[in-house]
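All remarks here apply to the structure that follows.
The values are calculated or read from the model by the stated rules, or taken from the named source; none is laboratory data. Just so it is clear, the structure is predicted and the values come from calculations on it, not from any experiment. Please note: Cβ atoms are built from the backbone with ideal geometry, for glycine as well, and neighbour counts cover all protein chains shown. Calculation scope for accessible area: heavy atoms of the full protein, side chains included, ligands and nucleic acids excluded. Shrake-Rupley method; radii C 1.70, N 1.55, O 1.52, S 1.80 Å.
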Amino acid sequence: MKFRGKIVDIACLNHFSRVITTISKLTKMCVLRLTSDNLFFVLSEKVANGGVSMWCELSQANFFDEYQMEGVSTEDNEICLEVTPENLSRALKTVQNAKAVKLKLTKKHCPCLTIAAELPTLSSISRVVTHDVPVDVIPRRLWHEFKEPNMPDFDVSIYLPPLKTMKNVVDRMKNLSNFLVLEANLNGEMNLKIETDLVSVTTHFKDLGNPPWGEDASQDGGPSQSRDPQAMAQARVDIRKLQQFLMGQQVNPSKAMCNIVHERVVHLILLHEDMSLQYFIPAVA
């Protein structure tokens with residue numbers, strides 16, 4: 001089992017660092033799944049038990065100048081590691097001006113992802129700074145828990161308003177309630193609502209647009225095909241989980257979307273040309 005990668009391009013390094021920072025804001029622990037073509041960051045708390053789940057996919061070729069990976073076997077050519085993204089993020093932040101950064105799976109006092117950075121220097125002596133980030137190797141028998149989640153059979157899919165605007169609204173609402181109702185329809189309209197014994201607040205967004213799949217979301221004849229465009233699908237969620245998602249965003253996605261399974265789950269998707277992030281927040285009664 002071997003992994004080594006090298007990033008030379010500073011723009012790629014900074015983008016990779018921003019992605020890791022975003023993930024570190026969403027979860028304390030996650031699984032890093034390495035394959036020959038991709039890196040996946042996975043959090044698979046059971047949505048049915050009220051936990052959030054996350055799936056972030058990066059194409060290695062868009063970040064790494066060199067990338068070598070040998071999995072546990074020829075048939076199962078993958079490596080699964082449990083990592084603390086915050087530790088990875090901290091290490092990468094200290095090497096942002098590096099001439100080159102190498103990542104390698106090593107065995108020190110425990111398995112580690114070792115980050116070695118060659119820093120710029122005025123003399124001929126090279127300066128290398130090394131960080132060892134402890135990881136746990138996940139055995140093959142548990143890999144099935146970290147596969148890509150299925151796209152839910154949603155009722156409504158809609159593009160999100162600017163994430164900064166949405167964050168400002170949610171931040172204010174959090175001072176008034178612990179729960180928020182997110183509702184949307186196939187007419188490009190989305191509302192964020194809170195209701196308490198003392199106050200009722202709604203923020204309306206219009207003309208957001210609906211992704212092309214939204215009109216016939218389910219190829220097998222799901223609810224969206226015959227859905228009234230004005231009819232709202234909604235989910236009541238823990239406002240802290242939505243705020244956590246919005247607070248962590250540093251990847252400037254080219255597209256941000258939200259799928260709602262009525263009264264069951266909110267599925268948020270961020271797309272960038274070289275990465276995608278999915279985040280699932282379960283509805284609460």
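Please work out how much accessible surface Trp213 shows to a 1.4 Å probe, ignoring ligands, DNA and RNA, in Å² rounded to 10.
90 Å²
7 Å from Cα along Cα→Cβ at both Lys6 and Trp143: what's the point-to-point distance in nm?
Going by the 7 Å Cα→Cβ label model, 2.8 nm.
Provide Ser24, Ser126 ordered by accessible surface of protein heavy atoms (probe 1.4 Å), highest first.
In descending accessible area the options line up as Ser126, Ser24.
Can you bin the stretch 2-145 into rounded, prolate or oblate? Criterion: square roots of the alpha carbon gyration tensor eigenvalues sorted a ≥ b ≥ c, rounded for a/c under 1.5, prolate for a/b above b/c, oblate for the rest. Working shown, then result.
Details: a/c = 1.93, a/b = 1.56, b/c = 1.24.
Prolate.
Pick out, in residue order, every one of the GluC sites (Glu not before Pro) in the stretch 115-189 that is DSSP loop and has at most 16 other C-beta atoms within 10 Å; say none if there are none.
For GluC sites (Glu not before Pro) across the stretch 115-189 that sit outside H, G, I, E and B with at most 16 neighbouring Cβ atoms in 10 Å, the list is empty.
Starting from the Cα-Cα distance between Gln244 and Thr121, subtract it from 0.36 nm times their residue separation and give me the gain in nm to one decimal.
40.4 nm
Sort Asp274, Asp132 from largest to smallest accessible area, using a 1.4 Å probe on the heavy atoms of the protein chains. The partial results should precede the final answer.
Working: Asp274 25, Asp132 70 Å².
Final ranking, largest accessible area leading: Asp132, Asp274.
Using only alpha-carbon positions, what ratio does the radius of gyration of the chain give when scaled by 2.2 N^0.38 Å?
Values: Rg = 20.9 Å, N = 285, 2.2 N^0.38 = 18.8 Å.
Relative to the 2.2 N^0.38 Å estimate, the chain comes out at 1.11.
Helix-only mean residue ellipticity at 222 nm, the chain, DSSP H runs n ≥ 4 weighted -39,500 (n - 2.57), per residue, nearest 500. What is it?
Numbers: 4 runs with 47 residues, N = 285.
That comes out to -5000 deg cm²/dmol.
Write down the accessible area per residue of the chain in Å², having rolled a 1.4 Å probe over the full set of protein chains.
On the way: 14160 Å² over 285 residues.
Heavy-atom accessible area per residue stands at 50 Å².
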